[in-house]
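The values are calculated or read from the model by the stated rules, or taken from the named source; none is laboratory data. All values derive from a computational prediction rather than experimental measurement. A quick note on method: Cβ atoms are made from the backbone with ideal geometry, for glycine too, and the neighbour counts reach across all protein chains shown. Protein only, heavy atoms only, side chains kept; ligands, DNA and RNA dropped before computing areas. Shrake-Rupley method; radii C 1.70, N 1.55, O 1.52, S 1.80 Å.
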Amino acid sequence: MSFVQPNDDYLLSVLEDVGLISRRQIDHARSKLNGAASVVDVLVRDGVVSSDDISRSLAAQAQMQWIDLSAVIIPPEVIAQISAADAARFKVVPVGLGESGLVIAISDPLDVDTIDSLNFLLQREIELVCTSPEKIGEALIKYYGTAEEAADVLQQRLGSDAEFDLEIGETANRISADDADAPIIRLVSMLIIEAHKLGASDIHLEPLDKKFRVRFRIDGVLQEMQAPPKRLQSAIISRVKIMTGSMSIAEKRLPQDGRIQVRIRKKPIDLRVSTVPTNHGETVVMRVLDKSSLLLGLPELGFLSDDQEKFERLLRLPDGILLVTGPTGSGKTSTLYACLNYINKPDRKIITVEEPVEYQMTGINQVQVNNDAGMTFPVALRSILRQAPNIVMIGEIRDLETATIATNASLTGHLVFSTLHTNDAPSAIARLVDIGVQPFLVASSVRAIMAQRLVRRLCSRCKHPAELTETEMRALRLEPSQMKEAQVMKAAGCDFCRHTGYKGRMGIFEIFNIDDDVRHLISKRTSTYALRQRARELGMRTLREDGVRKVLAGLTSAEEVISVTIGDVS
């Protein structure tokens, strides 16, 4: 959508008067017309001025309120005030019911013919507000559009990336982004492609009262995306269920789980799908499992050289338990898979017991827990120990039986990897004892514990040198002398990072090596506080201290480390 041609000269004079453009820029744009609708369109296309700036200037001239239509949720009863045909013909969108009548958004307050036609058509008082032509176009598709139009908007936003082919399932059922015969199929396929392109870890499809919300979790933060029309909600959810091949589209009253295997540009991607009924329909979460993350090395996880060397020594141990701890979403599973990838050699037999198996790894025997069939963690563990493995990975130690088998396995010559939900490394000892494992068994079996969190990496394209504020210095307990060789960075935000200032994530770590003195303390049931003090004496850096090192190295921001380690007061 563009601004109307007859208003071009007036628009140019308005924009020049308010200082948005210069006479030189106008002349340069006029020389580049080459079939463009107007000089204003050339200026917008070249990025000299934005559509929002133009419509704001017009609104000010007409003494009309300007609104950001993309930030407004319009109720269905308001949309029903103007038919889809009339809204498309006049390029207007009803936005609310005001004191003086129906509030209607238009893009050109100078278009007297449209205003008169609306008055005649509606036969009622109307109140006009102004917005940009692009936002009118997006709203027309959002509230009146078809699935095909919604897919076209996505395709336009993706640009050349929309040409990706999506292969679904092992049978390589190819769905091209250009498949015009199946708009819902195309819409869902491109939604998955967009999530992959943006590096999203989850896709959330959430039915609300008056809209169908789509959100992507990018670098651990949910970001709302442009949503398709709410009336497509049922068709989109049904399409996702069909793609799993195992979920029932008729069952809408019970939660369901499924899995979608796709290939985007020949790259294998797994989507773990979960649906839960809500009062406005089924909410769907698709967890994006990118198999390329299996190839991550320890430096990519966020280890600095000294911690990497320490951790590699632990991975070379012949037996014992190595625990990775942290809350849900702290990257524990990714770390375990990176460890397995590091030690996956032909001369070692590795078996994992997981619920569910998130990534399929070549050369590793992976066992899926199925509680309904009686294949629980303890049952699976007892069976796999008869398979004579060298290394065992347990998805999570949850109960005494699992913990006891893991402990016995480590004491009989197996190297065991597992996770626990604790806030720091020393607390894992107390957690195992609370579960019911005898302290002397914990002391004998556990070799090391690593707590971790995820922080966002500063965007490599827009980060620049900066100074820490006094508040940040106090929060991170930094002295001015520590800043002499620091390379502190901050990021302004750019198109590459979606103006967040961050792109990707990395870990911060707290590695607790268990030595003979610590084993003695564990056997005596010493408090977690005393264990933490001993760990500090052995040189253990806390999560915040490791985060501070990464702030001083210019890898992440002080704000990230402070927010993620808010409970770390040591």
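Any idea which of (1) outside any loop (DSSP other than H, G, I, E, B); (2) buried (at least 21 other Cβ atoms within 10 Å of the Cβ); (3) not small (Gly, Ala, Ser) is the one residue 447 doesn't satisfy?
(2)
Consider only pairs whose beta carbons are under 7 Å apart and that are at least six residues apart or on different chains; among these, list those whose first residue lies in the stretch 300-328 and is closer than 18 Å to residue 424 by Cα and whose second residue is assigned to a strand (DSSP E or B) and open to solvent by 40 Å² or more (accessible area, probe 1.4 Å).
Listed pairs, sorted by first residue: 321/447; 322/447.
Please name all residue pairs, on different chains or six or more residues apart, with Cβ atoms under 6 Å, provided the first residue is in the stretch 101-122 and is in contact (Cβ under 8 Å) with a residue 24 or more places away in the chain and more than 21 Å from residue 143 (Cβ to Cβ) and the second residue is open to solvent by less than 20 Å² (accessible area, probe 1.4 Å) and not acidic (Asp, Glu).
As it stands, the answer is 109/58; 109/130, since those pairs meet every condition given.
Just give me the residues in the stretch 245-257 being part of a loop (DSSP other than H, G, I, E, B) and surrounded by fewer than 19 Cβ atoms within 10 Å (Cβ to Cβ), in sequence order.
Scanning the stretch 245-257 gives 245, 246, 248, 249, 250, 251, 252, 253, 254, 255.
Look at the stretch 480-490 and say how many of its residues are within 29 Å of the chain's Cα centre (by Cα) and open to solvent by less than 40 Å² (accessible area, probe 1.4 Å).
The qualifying residues number 1.
Condition check: open to solvent by 20 Å² or more (accessible area, probe 1.4 Å), outside any loop (DSSP other than H, G, I, E, B) and under 28 Å from residue 359 (Cα atoms). Does residue 242 satisfy that?
Yes.
So residue 205 ticks every box in (1) under 9 Å from the mean Cα position of the chain (by Cα); (2) part of a strand (DSSP E or B) but one. Which box is left unticked?
Every condition holds for residue 205 apart from (1).
Output the qualifying pairs, or none if there are none: Cβ atoms under 6 angstrom, residues six or more apart or on different chains, first residue in the stretch 6-25 and over 10 Å from residue 43 (Cβ atoms), second residue modelled with pLDDT of 75 or more.
Listed by first residue and then by second, the contacts come to 7/110; 8/38; 8/39; 8/40; 14/57; 14/61; 18/57.
Give 40, 78 a once-over and let me know the one that is buried (at least 17 other Cβ atoms within 10 Å of the Cβ), under 30 Å from residue 231 (Cα atoms) and touching a Leu at 6+ places or on another chain (Cβ under 8 Å).
78 is the lone residue from the list that is buried (at least 17 other Cβ atoms within 10 Å of the Cβ), under 30 Å from residue 231 (Cα atoms) and touching a Leu at 6+ places or on another chain (Cβ under 8 Å).
How many residues are β-branched (Val, Ile, Thr) and touching a strand residue (DSSP E or B) at 6+ places or on another chain (Cβ under 7 Å) when one looks only at the stretch 495-511?
Residues meeting the conditions: 2.
Run down 402, 407 and say which single residue is part of a helix (DSSP H, G or I), touching an Asp or Glu at 6+ places or on another chain (Cβ under 9 Å) and not small (Gly, Ala, Ser).
402
Does any residue of the stretch 379-386 turn out to be β-branched (Val, Ile, Thr), in a loop (DSSP other than H, G, I, E, B), out of contact with any Asp or Glu (no Cβ under 6 Å at 6 or more places or on another chain) and surrounded by fewer than 20 Cβ atoms within 10 Å (Cβ to Cβ)?
no
Out of curiosity, is residue 477 surrounded by 15 or more Cβ atoms within 10 Å (Cβ to Cβ) and not β-branched (Val, Ile, Thr)?
Here the answer is no, as residue 477 does not meet what is asked.
Among the acidic types (Asp, Glu), touching a residue at least 40 places away in the same chain (Cβ under 8 Å), part of a helix (DSSP H, G or I) and in contact with a Ser or Thr (Cβ under 6 Å, 6 or more places away or on another chain): does that describe residue 41?
no
Please list, ordered by residue number, the strands (runs of 3 or more DSSP E) wholly in the stretch 268-362 having 3 or more residues that are farther than 30 Å from residue 232 by Cβ and open to solvent by less than 20 Å² (accessible area, probe 1.4 Å).
Correct list: 320-325, 350-354.
Residues of the stretch 495-529 being assigned to a helix (DSSP H, G or I) and either at pLDDT below 90 or open to solvent by 30 Å² or more (accessible area, probe 1.4 Å) (or both), which ones?
If the condition is that a residue be assigned to a helix (DSSP H, G or I) and either at pLDDT below 90 or open to solvent by 30 Å² or more (accessible area, probe 1.4 Å) (or both), then 516, 517, 519, 520, 521, 523, 528, 529 are the ones that fit.
Please enumerate the residues belonging to the stretch 82-113 that are among the polar types (S, T, N, Q) and either crowded, with 20+ Cβ neighbours inside 10 Å or modelled with pLDDT of 90 or more (or both).
Of everything in the stretch 82-113, just one residue is among the polar types (S, T, N, Q) and either crowded, with 20+ Cβ neighbours inside 10 Å or modelled with pLDDT of 90 or more (or both), namely 107.
Quickly run through the stretch 216-237 and pick out the residues that are within 17 Å of residue 280 (Cβ to Cβ) and touching a residue at least 12 places away in the same chain (Cβ under 8 Å).
Result: 227, 228, 229, 230, 232, 233, 234, 235, 236, 237.
Quick one: in the stretch 43-75, which of the residues that are over 37 Å from the mean Cα position of the chain (by Cα) and open to solvent by 50 Å² or more (accessible area, probe 1.4 Å) is nearest to residue 122 (Cα to Cα)?
By that ranking, first place goes to 63.
Looking only at residues that are out of contact with any helix residue (DSSP H, G or I) (no Cβ under 7 Å at 6 or more places or on another chain) and in contact (Cβ under 8 Å) with a residue 12 or more places away in the chain in the stretch 350-361, which one is farthest from residue 394 (Cα to Cα)?
Ranking the qualifying residues of the stretch 350-361, first place goes to 360.
Where residues in the stretch 218-232 are buried (at least 19 other Cβ atoms within 10 Å of the Cβ) and charged (D, E, K, R), which of them is farthest from residue 141 (Cα to Cα)?
Filtering the stretch 218-232 for residues that are buried (at least 19 other Cβ atoms within 10 Å of the Cβ) and charged (D, E, K, R), the one farthest from residue 141 (Cα to Cα) comes out as 219.
Go through the residues of the stretch 456-470 one by one and say whether even a single one is surrounded by fewer than 17 Cβ atoms within 10 Å (Cβ to Cβ) and part of a helix (DSSP H, G or I).
Looking through the stretch 456-470, at least one residue is surrounded by fewer than 17 Cβ atoms within 10 Å (Cβ to Cβ) and part of a helix (DSSP H, G or I).
Give the residue that is modelled with the lowest pLDDT, with candidates limited to residues of the stretch 11-32 that are over 16 Å from residue 59 (Cα atoms), assigned to a loop (DSSP other than H, G, I, E, B) and in contact with an Asp or Glu (Cβ under 9 Å, 6 or more places away or on another chain).
My answer is 32.
Scan the stretch 471-494 for residues that are more than 11 Å from residue 551 (Cβ to Cβ), outside any helix (DSSP H, G or I) and either of a type in the set (S, T, N, Q) or in contact with a strand residue (DSSP E or B) (Cβ under 6 Å, 6 or more places away or on another chain) (or both) and report the count.
Qualifying residue count, the stretch 471-494: 1.
Hey, which of the strands (runs of 3 or more DSSP E) in the stretch 86-130, taking only ones fully inside, have at least 2 residues that are of a type in the set (Gly, Ala, Ser)?
93-98, 101-106
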